[in-house]
Each structure stands twice: as C-alpha cells, then as structure tokens.
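Provided herewith is a single structure, encoded as structure tokens, for subsequent inquiry.
The values are calculated or read from the model by the stated rules, or taken from the named source; none is laboratory data. What you see is a predicted model, and the numbers here were worked out from it, not measured in a lab. As a convention, Cβ positions derive from the backbone with ideal geometry for all residues, glycine included, and neighbour counts pool all protein chains shown. These area figures cover heavy atoms from the full protein model, side chains too; ligands, DNA and RNA do not enter into them. Shrake-Rupley method; radii C 1.70, N 1.55, O 1.52, S 1.80 Å.
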Amino acid sequence: MTSSTGSNIAVQTAKEVHIGRLPPASLVYWLRLGFGVLAGVIYNLAGFGSLGVGLGTLSMITVGIGVYSVSIFLVKNLLGYGPELLKGPNKHVTIGMGSYVIWMIFTTILLYTVLNPHPS
C-alpha cells in the first residue's frame, strides 16, 4: 500500500465558477432583452405613437437604435466584456439583437394598446 500525501481539494478555473452569477454571454442576452422592454416603454412615454404611421415608425426605429447603442456602450465599456469573454470579435454587438427587437416591438404594441384603449 502506498500512502498519498496530496490533498483532495479540486482546483477550479475561473470559467467553472458561476455561483449565483450568469456567464457573460447570458448576462448580455438578458440585458438586451431588458433594454428592448425599456425602448418600448420610452417610445410610449414619449408619445411617439400619436405621430401617425410614418413618423411613428421612424421614431420607433430611432429610439430602438439609440437604446441599443447605449446597451453596446454598457456591455463593452462599463462591464468590460470584450472578444475573449464573449468568444467572438463582434459578440458585444450581436448577442441578444433578435430578442431586443422582438421585445421592443412587443412592449411598444402592448403599451400602446393599454394606454390608448379607444375603439376604431
């Protein structure tokens, strides 16, 4: 019989430790979803829905691009998530883009319907 003098403690790398925290890519995804809801709220609170179809749509696109730009700044500069953490050169821009657009449109339509209940 041989005796071992080593310890039984397992070594964990930084990638393995996610106790109570989301991985960076998931955090960026959920932030984008929240920013999509925020864009829909801003659009409705600003009253852009009363501008008509053409200007209302242009306003929605403008608000959407502006809020998305803020989310890119937040992810890249304040959180410091770069290509090495998100595993791609432009992932700080592309992660969650689809869910952002869908939730922005959903929130905009839902809030407009609730805030303007007049029949047609």
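Students sometimes get this wrong: rank F73, F48 by accessible area, probe 1.4 Å, all chains present, largest first.
F73, F48
Follow-up. Using the Cβ atoms and a cut-off under 10 Å, what net charge is assigned to the surroundings of A25, where Lys and Arg are +1 and Asp and Glu are -1?
Taking every other residue near A25 into account, the sum is +2.
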